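This report concerns only the one structure given below.
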Amino acid sequence: MVAGVVSLVALGSVVARGVDERGVALGFGVLVGVGELARWGGGGDRESAPLGAAGALAYALLGSVAGHSTHHGVLQVVAVAVAGALVGCVPHVARGRGPSLDHMARRVLTVWFAAACFQPLYNRGKVEEWFGDGAFYALFVVGLLALTGLCDAVLAAAMAHARTRWPFGPLLRDEMRAMLGIGTAVGATGAVLALAVAVAGLWALPVISLPLLLTQLAFRRYSAVRATYRQTIASLARATEIAGYTPHGHAHRVAALSRAIGREMGLSGPDLTVLEYAALMHDIGQLSLVDPVRDGATATLPVTQQRRIALLGGAVVRQTGVDAQVAVVVERLADPYREQPLPARIVRTANAYDEMARGTGPQGPLAALEGLRLATGREYQPEVVEALARVVSHPGLSLGSAG
């Protein structure tokens, strides 16, 4: 809502007053548009158009071009960034793969924040008065970009919290951790672009943008490898379904539920990945059974048989080359819950819930929760069960796949 108002006011102001330094505005607008054209879909909630973001931030922090002072203001910065992004998004929107409204809102607000911190001070001569035009000026620009990055992380965490109701702290930690990756490259390129254009003019734009394009390409390949790795694990998890040991979709439902519980309990980043992978492969040990358990309901088996399945499952996981922490979680699924690591407690509870709620009609989820609550203190950790209750009451929860 706020981002939309800011965008409309900025565009309206530029239409009414005209564009200052049209060549400069066009150059940065084209850079933002090209960055949006190079957008890719592997970033999830992360920045998937880094070149566009860097170009917009550079224009927000631009004070001069080839030694000549600029006079564009905050509203023109926002208008150029929005116009460039909209033009660059057209092909993606036509293919049904446009950016989310959250991404666009964050871009507008962070660019507006950076421009509002820099442009008024520069146009009044305060930046030159306070920092000169040497090293201290460069440090000032870098500091503003770091502050803008923090603003973007807070915005992203706040939007995710409003959408999912997951705890704000872990979400913010995830965003801050992401800043150390592609976020750092975006900020560094934005700073170098602004400083290079101030000295060399607009010719610096294509030259300085090339390293970020190469970084983006490498990041895309890394994300593709991670996606393939996860798909391999998901395919291994389906082995028990294909062999008739577990019902269709059980592993993916347990993984989605486990990840949601982990979020609810404050887990983030690598811990959530370990949790999801362990949940996907939690039944792999059933392949050692001569006869399948009816409906794959291991929660009702004797403890000795549960432990055997868990240990064999952990051994299989270790042979796949997956993170050893995943194997530890799988191996500990049959231990008394007080001796289990938190991920194992979560997977155990999610597995039991899916087994108890399956095929029991509309009242199945409520009956399953009641059964888990009756077994807390003996079989399941009370805090995990209550986190599960909050998760399944969320109207937006989908257990069709794992996250």
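Within segment 239-263, being farther than 17 Å from G313 by Cβ and surrounded by 23 or more Cβ atoms within 10 Å (Cβ to Cβ) holds for R253, A256, L257, A260, I261, G262, R263. For segment 201-219, a residue qualifies if it is part of a helix (DSSP H, G or I), within 15 Å of F28 (Cβ to Cβ) and open to solvent by 60 Å² or more (accessible area, probe 1.4 Å), and the qualifying residues are P206, V207. Pairs linking a residue in segment 209-235 that is farther than 21 Å from Y59 by Cα to a residue that is among the aromatic types (F, W, Y), with Cβ atoms under 6 Å and 6 or more positions apart or on different chains, are R220/W40; I233/Y277. Flag: W166 does not match the condition of being open to solvent by 60 Å² or more (accessible area, probe 1.4 Å), over 18 Å from R107 (Cα atoms) and assigned to a helix (DSSP H, G or I).
Any idea which of (1) over 27 Å from the mean Cα position of the chain (by Cα); (2) under 22 Å from L150 (Cβ atoms); (3) of a type in the set (S, T, N, Q) is the one S69 doesn't satisfy? Single failed check for S69: (2). Looking only at segment 298-318, decide whether some residue is under 18 Å from Q381 (Cβ atoms) and modelled with pLDDT of 90 or more. No; the residues of segment 298-318 include none that is under 18 Å from Q381 (Cβ atoms) and modelled with pLDDT of 90 or more. When each of Q231, Q216 is tested for being modelled with pLDDT of 75 or more and under 24 Å from the mean Cα position of the chain (by Cα), the lone residue that passes is Q231.
Considering only residues in segment 372-390 that are in contact (Cβ under 8 Å) with a residue 24 or more places away in the chain and surrounded by 17 or more Cβ atoms within 10 Å (Cβ to Cβ), the one that is farthest from the chain's Cα centre (by Cα) turns out to be Y380. May I ask you to list the residues in segment 1-22 that are of a type in the set (G, A, S) and either under 25 Å from the mean Cα position of the chain (by Cα) or open to solvent by 50 Å² or more (accessible area, probe 1.4 Å) (or both)? Passing the criteria: A3, G4, S7, A16.
The values are calculated or read from the model by the stated rules, or taken from the named source; none is laboratory data. Computed from a predicted structure; not experimentally measured. Because the Cβ atoms are built from the backbone with ideal geometry, glycine has one as well, and the counts that use them run over all protein chains shown. Note: areas computed on protein heavy atoms with side chains; ligands, DNA, RNA excluded. Shrake-Rupley method; radii C 1.70, N 1.55, O 1.52, S 1.80 Å.
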